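**Student:** So that we are looking at the same thing, I have put the structure below in structure tokens.
No value in this document is a laboratory result; all are computed from the given coordinates. On a predicted model such as this, the values are computed, not experimentally measured, just so you know. A quick note on method: Cβ atoms are made from the backbone with ideal geometry, for glycine too, and the neighbour counts reach across all protein chains shown.
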Amino acid sequence: MTEDERYMKLALQLAELGRGQTSPNPLVGAVIVKDGVIIGQGAHLKAGGPHAEVHALRMAGEAARDSTIYVTLEPCSHHGRTPPCADAIVEAGIQRVVYAAQDPNPAVSGQGAARLREAGVEVVQGVLASEAHKQNEAFWVWVTEERPFVVWKCAATLDGYIAADSGHSTYVTSDEARASVQRLRRDVAAIAVGVKTVIEDNPRLTVRGPSLAAEAMLTGVVNKASFADLETTQGYRQPVRVVFDSKLRTPITSALLGEAGKTLIYTTHYGYDSAGTEYVSGLTRAGAVVIPVMADEADHVYLPEALRDMAKQGISSLLVEGGSTLVASFLEERLVDKVLYYLAPKFLRSGIRATKGRRTERMLDALNLDKVSYEQVGPDILVTGYPRFE
Ligand code: AOF
Ligand code: ZN
């Protein structure tokens, strides 16, 4: 590992502090180094808050002159919610900028680097670029495809059942696997379920506990002085809860409607019209935003339209937790980017399948996963992979 790669690795680790909190913005980390000494560190912690470079520059102060800054993403050149980082870097007298990945945002892409070079700053790009790309896999999809990055999480028995025939689905996997799902929820911008899951399981779809950044501060991993906006990020920003409900029958008394944060209910125009205004206003009063969209051939919510709407609302990643009808629609529309499949070492022998797909004839009809990895979580196995839609 070269020296540049070592510091970039640290910047990537700092960027992780913002995971789950920055949507739709990317995770970004920055490290400032002078004469072999780290004089500044920063991470982007929330959309609208200072960028990673600004936190690091604040920490370095005057010492930043003639130093090197390592940033996981190309420094920005645009006036967004905050002023351009490229200008701040130039003003601070930084000599050399090393960044990992070019910003895919058309408002920045390549222009940040150009601005730095024009000002006489040495620019090196592409250091640990693939790690940086993977860290922001959701941001890339959100920017380039204008929809959230979709993760399908499933917990099933070895024979592929997610629930007993009665619908009973608690305790498929171990406590350890359920804790890992809590962490997963903390990492995404939104969590989606089908209305049947809402009716049968009445989930709250919330995250409990302090944010990663707050944890890091409490354990002394980060310097509080350089993270001026940390106070406001101590509690979790709750992921947006999303219900797909084509006939609009989410009970007004559903637990998830009473939770802090936003709940979106996507329904069809038909579902919206036939539910009646009184029911819709009841849902709205209970805290939901009801959004009618087109129906697909099966009279379900047309997912591409719903996802486009989510992207417009700044939702850059979506965790689909089931049930099997909703999952089948996502797979049918080829709208699953990543699969996290927990397998419990047990057989149910009969029950409800993980997906309800069309009849298949040949093994060739299988949907394959790429870049597969396996991890043991308690007694369960977590299979992670990226669907390859042919
Ligand atoms: C960086 N460093 O830490 C971040 C960057 O609305 P704004 O002003 O926060 O701008 C958001 C855009 O800025 C985002 O889409 C991405 O292109 C870039 N994010 N850039 O140099 C950072 N968070
Ligand atoms: Zn910036």
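**Student:** Extension gain Glu137-Arg204, at 0.36 nm per residue separation less the Cα-Cα distance, in nm? Let's see the in-between values first.
**Tutor:** On the way: separation 67, 0.36 × 67 = 24.12 nm, distance 2.67 nm.
Taking Glu137 through Arg204 to full extension adds about 21.4 nm, to one decimal.
**Student:** At 0.36 nm per residue, minus the direct Cα-Cα distance, what do His168 and Glu122 gain on full extension? Give it in nm, one decimal, please.
**Tutor:** Computed gain between His168 and Glu122 is 10.5 nm.
**Student:** Also: How much length is gained on full extension from Asp159 to Glu297, taking 0.36 nm per residue of separation minus their Cα-Cα distance?
**Tutor:** 46.7 nm
**Student:** Express the relative contact order of the chain as a whole percentage, based on alpha carbon pairs under 8 Å and six or more residues apart in sequence.
**Tutor:** 17
**Student:** Can you give the longest stretch of the chain with no exposed loop site, where a site means chymotrypsin sites (Phe, Trp or Tyr not before Pro) in a DSSP loop (not H, G, I, E or B) with at most 15 other C-beta atoms within 10 Å?
**Tutor:** Values: sites that count: Tyr171, Phe347, Phe389.
So the longest stretch without any such site is 172-346.
**Student:** Students often get this wrong, so check it: of Lys153/Lys356; Lys134/Lys371; Lys262/Lys356; Lys9/Lys134, which have C-alpha atoms separated by over 20 Å?
**Tutor:** In this structure, Lys262/Lys356 lie more than 20 Å apart at Cα.
**Student:** Given R₀ = 25 Å, what would the calculated FRET efficiency be for Thr360 paired with Thr384, taking r from the Cβ atoms and rounding to 0.05?
**Tutor:** E(calc), rounded to 0.05, equals 0.60.
**Student:** Residue by residue through the range 57-73, which ³J(HN,Hα) values in whole Hz follow from phi under the Karplus form 6.51 cos²θ - 1.76 cosθ + 1.60 (θ = phi - 60°), with glycine and proline marked x?
**Tutor:** Once θ is set to phi - 60°, the couplings for the range 57-73 become 5, 4, 5, 6, x, 4, 5, 5, 4, 6, 9, 10, 10, 9, 10, 6, 9 Hz.
**Student:** What is the antiparallel percent of DSSP beta bridges lying wholly in the chain, to the nearest 5?
**Tutor:** 40
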